[in-house]
Amino acid sequence: MLVLLVVVRLNEDMQQQIIKETFHLVSKRDDNVCNFLEGGSLIGGSDYKLIYRHYATLYFVFCVDSSESELGILDLIQVFVETLDKCFENVCELDLIFHVDKVHYILNELVMGGMVLETNMTEILTRIEDQNKLEKQEAGITAAPARAVSAVKNMNIPQQIKDMKLPDLPQAIKDLKF
């Protein structure tokens, strides 16, 4: 099981403790109970809620303050997971681990600074495709020097020098007219 948790401005020990507490709270619950929990002591107490969705071996957990709509956050999680599923074709733990930068990019298209920016999956996927195109263009530019070196190596210059037909120099000097 993988818990994706974004924690800001906390030291690593505190982050690990929050992840352990979140895992303990969420993993012990049956699948047929509601997906809302009051925050534990480390998470901020009763002013915060954990809202989660469980998909196969993945848990997606959002921690929000008490003013947020639980159903709205569940919908946001659904959009996030569907977007991940489209981008990675059946998203799994390894996709989240090996493509964490892309996962954060997708999450930033949905939420930034605690504000929901976009929930239209078509719009999000368009932005992701634009980002992928930009990355491919940049990869082409940064790879140009390596391609040039490879092309020079493939030219087999030492053999080309051997194959050059140079005139016999002593005869060429005699043929010079001053």
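The values are calculated or read from the model by the stated rules, or taken from the named source; none is laboratory data. Every value quoted in this text rests on a predicted model; they were computed, and no experiment measured them. Virtual Cβ from ideal backbone geometry, glycine too; neighbours counted across all protein chains shown. Ligands, DNA and RNA are excluded from the accessible area calculation, which covers all protein heavy atoms including side chains. Shrake-Rupley method; radii C 1.70, N 1.55, O 1.52, S 1.80 Å.
Among the residues that make up segment 29-45, is at least one of them in a helix (DSSP H, G or I) and modelled with pLDDT under 85? Yes, there is a match, as at least one residue in segment 29-45 is in a helix (DSSP H, G or I) and modelled with pLDDT under 85. Considering segment 52-91, and only residues there that are among the polar types (S, T, N, Q) and open to solvent by 20 Å² or more (accessible area, probe 1.4 Å), the residue that is farthest from I19 (Cα to Cα) turns out to be N90. Applying the condition of being at pLDDT below 80 and open to solvent by less than 80 Å² (accessible area, probe 1.4 Å) to segment 114-146 and asking which residue is farthest from L74 (Cα to Cα) yields A146.
Answer yes or no as to whether E21 is of a type in the set (D, E), in a helix (DSSP H, G or I) and in contact with a Gly (Cβ under 8 Å, 6 or more places away or on another chain). I'd like the intermediate steps shown before the answer.
Working: of a type in the set (D, E): yes; in a helix (DSSP H, G or I): yes; in contact with a Gly (Cβ under 8 Å, 6 or more places away or on another chain): yes.
Criteria met by E21.
For L94, are the conditions met, namely being over 13 Å from the mean Cα position of the chain (by Cα) and either part of a helix (DSSP H, G or I) or surrounded by 15 or more Cβ atoms within 10 Å (Cβ to Cβ) (or both)? Considered against the rule, which asks whether it is over 13 Å from the mean Cα position of the chain (by Cα) and either part of a helix (DSSP H, G or I) or surrounded by 15 or more Cβ atoms within 10 Å (Cβ to Cβ) (or both), L94 comes out as no.
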